[in-house]
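Each value in this text was obtained by applying a stated rule to the coordinates, not by laboratory testing. Note that the structure is predicted; figures quoted are calculated from it, not measured. FYI the Cβ positions are ideal-geometry reconstructions off the backbone, even for glycines, and counts take in every protein chain you see.
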Amino acid sequence: MAGLEIPGWDPETALLIGAILLEAFVLYVGYGGLERLVGPYLMRLIVGGDASAQ
């Protein structure tokens, strides 16, 4: 039947998928850490204080 064959696994494709997933994880963790470090400062700068941000 057409379209029901299981394609062979290409090691280059697996490496590419792994690299993309690793990059996504590093960016997710990196931006999360950056938000924790710089976020409160930016909120104080933009909003004008912690009390009015609540």
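Points to keep in mind about this one:
- Potential extension, residue 47-residue 21 segment - 0.36 nm per residue separation minus Cα distance: 5.8 nm
- Once the C-beta distance of residue 12 and residue 35 is scaled by a Förster radius of 25 Å, the resulting FRET efficiency is 0.10 to the nearest 0.05.
- Summing charges over all other residues whose Cβ lies under 12 Å from the Cβ of residue 30, with Lys and Arg as +1 and Asp and Glu as -1, gives -1.
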